[in-house]
1. Using a Förster radius of 51 Å, what is the FRET efficiency between Asp352 and Ser263 based on their Cβ-Cβ separation? Nearest 0.05, please.
2. Using only the Cα atoms of the stretch 254-408, build the gyration tensor, take square roots of its eigenvalues as a ≥ b ≥ c, and label the shape rounded, prolate or oblate: rounded if a/c is under 1.5, else prolate if a/b is larger than b/c, else oblate.
3. Expressed as an acute angle from 0 to 90° and rounded to the nearest 10, what is the orientation of the C-alpha long axis of helix 187-198 relative to the principal long axis of the chain?
4. Using the Karplus equation 6.51 cos²θ - 1.76 cosθ + 1.60 (θ = phi - 60°), what ³J(HN,Hα) coupling, rounded to whole Hz, does each residue of the stretch 248-253 give in order, writing x for Gly and Pro?
5. May I ask for the angle, rounded to the nearest 10°, between helix 102-111 and the longest principal axis of the chain, with both axes built from Cα atoms and the value confined to 0 to 90°?
6. Using only alpha carbon pairs under 8 Å that are at least six residues apart, calculate the relative contact order of the stretch 130-216 and give it in whole percent.
7. Restricting to bridges with both residues inside the chain, how much of the DSSP beta-bridge set is antiparallel, in percent to the nearest 5?
8. Tell me, what is the percent relative contact order of the stretch 325-402, built from C-alpha pairs under 8 Å that lie six or more residues apart?
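No value in this document is a laboratory result; all are computed from the given coordinates. As the structure is a computational prediction, the values presented were derived from the model and not from experiment. Note that each Cβ is placed from the backbone with ideal geometry, even for glycine, and that neighbours are counted across all protein chains shown.
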Amino acid sequence: MTLRGNRGTAVRARTSPAHRIAVAPLDQAITAPAGHVAVVPGAEVPLLALDLPAGLRGQAREQVARRQLRDRLGTGGDHIEMRPFFAPGDDDRWTRALVADAGALAGWRARAVGGCRAVLPDYLSLPTAPGLWSLDVTDDAVRVRLGPEDGFSAEPALAEVMLAQAFDAAAKDILPQAVLLTGRDTPARAALEAFAQARGLRVVGTADQVEALGLARPQCFAHGETRFDLRADPRAARARLRSQLLPWRWPAVLLLLALVLWSGAQAMAIRTLEAETRALRAGTEALVRQHFLPRAPLLDMRVQVAQVLARRQAAADAARGRVSPLRFFAAAAQVMTDAGAMPEDLSLSPQDGLEVALRLPDFASSDRLVADLRAAGFGVEMVEARAAQGTVGVRAELRLRPAEEGLQ
């Protein structure tokens, strides 16, 4: 079926071999079969690259993209519409968008006939595959697909400039492995073929030749292109979502109210506990002031009270004639040192007194030490005396008490 284009050029409705989807210009698609894709001039729907932060998702990502487009195009947001463009599975990481005038989009929606599958820019109808550039030449335009994720339409002279820019950008990443060049045999086509060959790119004319190079067979609409129907309004989908969520607003409000009440109750309980803690601390400080530290500053009550109790215990022991354990051991240690004894183990208990294990040169030395300790006023009990194992000398174990409690 041959249809007449906008500028008098013959445009043939074609069918994708892989998916059997007919393609026709929008203004001449009235006779196209059901399920066809209507195409509009790609120059009126450019696919623009955007610099978007990787962490943005959903509506926030679209808002940033719209601000960038307004800054780039110098026009108000009401005059342009944007469609995020992405490969399957990358709907949260898109960095390109289809951009068109809002008035033109409204006109295309009105002219689309029944049975139309989607309205797309003409360059998205070209067959493509990873690592392949597809170029289609008409009398007055060149449609270009730079792989599944990019493309444009332009006049021949401008198309060659844009291809040069795309080649320079691709040289920093991955160059295309081949160029599929189709369309009319015009000077523009010859110039594009020379352009590709001058840059070392292999030029082929059919999908079979692409496969012969070891590349995937180029296909039309095999990369989710029909999802980007220009008739659809992404904001309308969000409006439908809002309408679906609207019935849940009152349960959500009640849940939020319950959460606020629960939080308030928890806050009140915390304040009550804090008040009880303050009252308990004040009572404790009053008792400490009354019984232990009437004038000293309270820094660490537990340590300060323990120190006061220790001093009082020492004073009580002194009043009853008890000897301080430290003084008792210091006096005994002086006698042991004079006798040449070397202490190895010490233990102190209220029941047994001071138990000490000593190393002495011989048994006679242990007997002299016992006599010296008794002479110094200690009660001494020889628990054990035996030859030291693995070395020379004697190991003696003594139990010491003050003289009035010792065994004389």
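1. My answer for the efficiency is 0.25.
2. prolate
3. 40 degrees
4. So the Karplus estimates, Gly and Pro as x, are 8, 5, 5, x, 5, 5 Hz.
5. 60 degrees
6. Normalised by residue count, the contact order of the stretch 130-216 is 30 percent.
7. Antiparallel bridges: around 75 percent, rounded to the nearest 5.
8. Relative contact order of the stretch 325-402: 30 percent.
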